Structure formats: structure tokens, C-alpha cells
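First the structure, in the form of C-alpha cells, and then the observations on it.
The values are calculated or read from the model by the stated rules, or taken from the named source; none is laboratory data. Quick caveat, the model's predicted, so the values are computed rather than measured. For neighbour counting, all protein chains shown are included, and Cβ atoms are generated from backbone atoms with ideal geometry for every residue, glycine included. Protein only, heavy atoms only, side chains kept; ligands, DNA and RNA dropped before computing areas. Shrake-Rupley method; radii C 1.70, N 1.55, O 1.52, S 1.80 Å.
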Amino acid sequence: MHDSKSNIYEKVTGMIVSALCVGFSLALIFLPKSDWSENENRKLAEWPALTMDEIVHSDFLSDMENYLADHFPMRDLLVSVNTQFNEFLGRREINQVFICGNGFLIDKYKTPLRTEAILKAFNRVPAAAGDRQVTLMIAPTAAEIYREKLPPFAQQADQMQTMRYLYEGFDGDTVDVTPALRSHRDEYQLYYRTDHHWTTYGAYYAYVELCEKWEMAPVAMDAFDIRQVTGDFRGTTYSKVNDLTVKGEPMYRFSLAEQSPEVQYGTGEKALPGMLYNEDYLTRKDKYSYFLDNIHDLMVIRNPDALTDRKLVVIKDSYANCFIPFLTAHFSEITVVDLRYYHTSVLDLISDDDSVTDVLILYNLGTMDQDTGVTVIF
């Protein structure tokens, strides 16, 4: 009798498992596929091509694994369930993200692999810039500024060691914004709880430090019209764990009523009108792209009401998107270059334009090592 019940249980279990496997397989085959993850704000893996080169280099199985992981049915829900289960077990590091309490999620900082190559790339700028002022600003991540929020015994690489190496080896000027961010971290929220970027408040204090380096008077915070543009921002760090218990957070815009800069994307006949802020992104998952209308290879900001006639070139990653609007009050023209998409020599762009007076290189330590544009396009 006991053996009979056991056999029935095994058969039912086998049927359920088989049905689930068949169901997921059919769903994987027949459900519509997307090439973009709105939740993670990234391009999803494509179906790998079975070529002789892929087979020889053993890339096909790896590419297939990435494809299946990206297109698995109910992937976001399963990631959320996995996060909830691991948090229940007491884990405080999930998918390279520290669960810090009160909805604060902080990306783990890993030892960079290309620091030497990145420094060599950075040093090509002052070499090509001549007598122009070239300044390097490296932004620390929330893991450095909010170290006290990390779980006990959290292990990660030393950001300051990397920053010291870059600053000591750079041939131009440098600005270390870390002390200023630490000193103001209890006044305002300087990094998002759910995203790897600094907030507009964090960008403001970095802007003040840069102004002091450049001997310019920063605009006082109370002179700005500070407006909350959304209260429901969930960024890329949230997407890595998809913790449904974490609430959205506010995002702010600083603006000056007397300033009306003009923005264009591209140059010459291909130039198109642009904007500092794109309201359309506030209705999407990728709300941070509200600043500078997401990412463009090259954009030019002209401000006839600027305090100086100086012209600036900014070589940047996305940390600069909410930072650059602060600079528009000081420069008559700002050319913004994102090397992930700009496929012309930025060194030629600087050296060939005699009207350029200043160059700013702005990257963050968290993603700089993965930024392919830094070492390839220079």
C-alpha cells in the first residue's frame, strides 16, 4: 500500500515537472521576443549564429546561454521571487548588489581590470589639447560615499586606490569630489537608492568643487528653481534584483529662469534640435534619461546668456547627464561627447577648434572599466 502511494506521488510529480518543462519550452519558442529590456534598460541577447568561427572559439554555447537567460518566460517575476527568497534567508548581497535596508540598494564595486589602459587614454587628451585647460573628474560611487549603509562584513575593492592611481598619473588638472560628497551626505540624498547614478543634489556639490578648481563662482543652490519631476524612479540597480518591496523615489531638476540655452545633436547639415530635458522619459522605466534626452554621440549646448564666452568640451559617461546643466550658466558653448557612440576622433575635435578653451573628462568609477569607448575611440 505504501509503495503504491509512493509510485502515484512520483508519477504525479513527474507529470507536473514534465508539464512545466514543456510549457516553458513552448513559451520560450512561441511567445513574442523583444530585443530590449525596459526593466533593465539594456539590449537583450540575440539568437546566436551557428558559424564555424563560433564553434571553433566555443562561443556558441555561451551565447546560447545568454540568450536563454535573457528570454526565459516570466524572467522578471522569477528574479523577484529569487530576491525575496534570498532576503528571507538573510543574504544581503544579491547579483552584485548590496541590500542595505530602507530600500537602499548599492552596487558592489569590483576591482577594475583596465585602469592602466584607461589612464593612457585619458592622457592623450592633454597631449592633444595644447594650452587648453584639461580637467579630470572621477566620481566615486554610492558604495564609497555611503559606506556606513553597507551590510556588516561587506567585501568590495578599494575605490580610493583606483582613484589615486588615476589622479596621480594624469597629466592635466584633477578634481576630487569625494570629500565634498562625504561632508554633505547627511544634508541631502546624493545617490539614488535604486540606481547607480548620483542624484542632482550629488551633481550640484560636484559642480561646486569644479567651479572652485576653475576659479568660477558657482551658482548658489537657493538661486535655482528646484522641482521634483517624478516620485517613482526605479533605476538600473533595482532592476538587478527586482525587489518589488522597494518603492520608487523622487528625481529633481535644478533650473535657472534667466537661462535659456539652445541644444542641438550632431553638427553641420546633420544637426537636429534637442533639449536639456525630455519629459517623455518620465512616463517610462528609464526616467534618468530625462536628463540630456538620454545618450547621444555628440551634442552642442549654446547659451547666449552665459557668464563667460568660454567654450567647453565634455568627454563623459551618463553621470554627466544631470551634471552638465549646471555648467550651461558659465560657458557660451558646451560640446558633449559620449565615446560609446562617437566614432570620430575626439582628439581632432579638440585640437582642430581654436575656440575651445576648456576640456572636462567626467567618468564614474563604477562603470568606467566596462566603458568600451574610453580606450577604443580616443
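Let's see how each residue does on (1) open to solvent by 20 Å² or more (accessible area, probe 1.4 Å); (2) charged (D, E, K, R):
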{"residue": "K311", "(1), (2)": "yes, yes"}
{"residue": "V314", "(1), (2)": "no, no"}
{"residue": "D317", "(1), (2)": "no, yes"}
{"residue": "C322", "(1), (2)": "no, no"}
{"residue": "L327", "(1), (2)": "no, no"}
{"residue": "H330", "(1), (2)": "no, no"}
{"residue": "E333", "(1), (2)": "yes, yes"}
{"residue": "D338", "(1), (2)": "no, yes"}
{"residue": "L349", "(1), (2)": "yes, no"}
Next on the checklist: Can you find, within segment 200-238, the residue that is least open to solvent (accessible area, probe 1.4 Å) among those that are assigned to a strand (DSSP E or B), closer than 20 Å to F104 by Cα and not β-branched (V, I, T)?
Outcome noted: F233
Item to check | Of all residues making up segment 335-378, the number that are without any contact (Cβ under 8 Å) to a residue 40 or more places away in the chain and in contact with a helix residue (DSSP H, G or I) (Cβ under 6 Å, 6 or more places away or on another chain) | outcome: 1
Item to check | Those residues of segment 127-160 which are open to solvent by 40 Å² or more (accessible area, probe 1.4 Å), in contact (Cβ under 8 Å) with a residue 40 or more places away in the chain and under 20 Å from the mean Cα position of the chain (by Cα), in sequence order | outcome: Q156
Item to check | Hits in segment 282-299 - residues which are open to solvent by 30 Å² or more (accessible area, probe 1.4 Å) and not aliphatic (A, V, I, L, M) | outcome: T283, R284, K285, N294, H296, D297
Checklist entry - How many residues are assigned to a helix (DSSP H, G or I) and in contact with a helix residue (DSSP H, G or I) (Cβ under 6 Å, 6 or more places away or on another chain) when one looks only at segment 245-299? => result 5
Checklist entry - Among the residues of segment 239-258 satisfying the criterion of being closer than 22 Å to K285 by Cα and among the charged types (D, E, K, R), which is most open to solvent (accessible area, probe 1.4 Å)? => result K247
Checklist outcome for this item: Within segment 94-117, the residues that are crowded, with 17+ Cβ neighbours inside 10 Å and at pLDDT below 90 are P112
Item to check | Scan of segment 206-265 for residues that are among the charged types (D, E, K, R) and on the phi > 0 side of the Ramachandran plot, ordered by number | outcome: E215
Item to check | Tally, over segment 172-227, of residues that are farther than 21 Å from Y288 by Cα and of a type outside the set (A, V, I, L, M, F, W, C) | outcome: 17
Next on the checklist: Only one of Y290, Y319, Y265, Y281 is of a type outside the set (S, T, N, Q), free of Cβ contacts under 8 Å to residues at least 40 places away in the same chain, closer than 24 Å to V229 by Cβ and in contact with a strand residue (DSSP E or B) (Cβ under 6 Å, 6 or more places away or on another chain). Can you tell me which?
Outcome noted: Y265
Checklist outcome for this item: Selection over segment 353-373 where residues are more than 22 Å from T308 (Cβ to Cβ) and loosely packed, with under 14 Cβ neighbours inside 10 Å yields a count of 2
Next on the checklist: Take the conditions over 29 Å from L282 (Cβ atoms) and either part of a helix (DSSP H, G or I) or in contact with a helix residue (DSSP H, G or I) (Cβ under 9 Å, 6 or more places away or on another chain) (or both) and apply them to P179. Does it pass?
Outcome noted: yes
Item to check | Qualifying positions in segment 294-342 - of a type in the set (S, T, Y) and within 19 Å of the chain's Cα centre (by Cα) | outcome: S318, Y319, Y341, Y342
Checklist entry - Residues in segment 165-199 that are open to solvent by 30 Å² or more (accessible area, probe 1.4 Å) and out of contact with any strand residue (DSSP E or B) (no Cβ under 6 Å at 6 or more places or on another chain): how many? => result 13
Checklist entry - Going through segment 320-345 one residue at a time, which ones are part of a loop (DSSP other than H, G, I, E, B), modelled with pLDDT of 95 or more and hydroxyl-bearing (S, T, Y)? => result T328, S332
